[in-house]
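So the structure is just underneath, and the comments pick up after that.
The values are calculated or read from the model by the stated rules, or taken from the named source; none is laboratory data. Note that the structure is predicted; figures quoted are calculated from it, not measured. Here the Cβ is made from the backbone with ideal geometry for all residues, glycine too, and neighbour counts use every protein chain on show.
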Amino acid sequence: MAEPALRPRRLQADLDDRWSEGCTNAWKLWEEIVPLGYKGSYQRVRAYLHDRRTSPRPANARPPSPRTVAGGILRRPETLTETEQLQLKAVRTHCSELDALTRHVRSFATMLTERQGERLPDWLDAVRQDDLPSLHTRAAGIDRDRDAVIAGLSLPWSSGVVEGHVNRIKMLKRQMFGRAGFALLRKRVLMS
């Protein structure tokens, strides 16, 4: 279907300018161009904008937000929509640091979910080879407890239940701070 023409060309250019500024409400745009001499109907403006909405985005479209990019990097690739995959691919193409970061994050996620702790030393070496200071800091922290991290990535056991109880006890202690002695705190911990 051919794009509906809005004559004169100056009005069409004004509409395009307002669209690129972020105003996408057809009624509001129609109200703005009528005083400029537009004699056409609201439906024609609406049809013109509908075509703009459904056509592929132009090359000068705004880049995705940092939150969108981070979400694309952290989520499983198979759960991303086609549009999100294309956006992430474009960002990775234009920024070699984000491309390297994405590869390292996804590699670590695979190690984590598939319990492949034995791959950690190779992952740390690969991280150190790229110029990503924030990941170098993370790698240095992992190196300090390398054996524990490898065990956590490899073994099926978890200390999550213990951590949950410790968290609950700390919450009760904070609630009681300055109000009672050890005996009441002990009773509350045992009763909860």
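When the stretch 141-158 is filtered for residues that are in contact (Cβ under 8 Å) with a residue 24 or more places away in the chain and more than 25 Å from the chain's Cα centre (by Cα), the ones remaining, listed by number, are Arg146, Val149, Ile150, Ala151, Gly152, Ser154, Leu155, Pro156. Within the set Arg106, Arg138, the sole residue that is surrounded by fewer than 16 Cβ atoms within 10 Å (Cβ to Cβ), out of contact with any His (no Cβ under 7 Å at 6 or more places or on another chain) and without any contact (Cβ under 8 Å) to a residue 12 or more places away in the chain turns out to be Arg138.
Yes/no per residue for (1) touching a helix residue (DSSP H, G or I) at 6+ places or on another chain (Cβ under 9 Å); (2) farther than 30 Å from Ser65 by Cβ; (3) of a type outside the set (Lys, Arg); (4) loosely packed, with under 12 Cβ neighbours inside 10 Å:
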position	(1), (2), (3), (4)
Thr93	yes, no, yes, yes
Met111	yes, no, yes, no
Asp130	yes, no, yes, no
Leu155	yes, yes, yes, yes
Val161	no, yes, yes, yes
His165	no, yes, yes, yes
Arg168	yes, yes, no, no
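Checked against (1) under 25 Å from Ser134 (Cα atoms); (2) modelled with pLDDT under 85; (3) in contact with a Lys or Arg (Cβ under 7 Å, 6 or more places away or on another chain), Pro63 passes all but a single condition, namely (3). Taking first residues from the stretch 164-175 that are free of Cβ contacts under 8 Å to residues at least 12 places away in the same chain and partners that are surrounded by 11 or more Cβ atoms within 10 Å (Cβ to Cβ) and in a helix (DSSP H, G or I), the Cβ contacts under 9 Å between residues at least 6 apart in sequence or on separate chains come to Gln175/Arg188.
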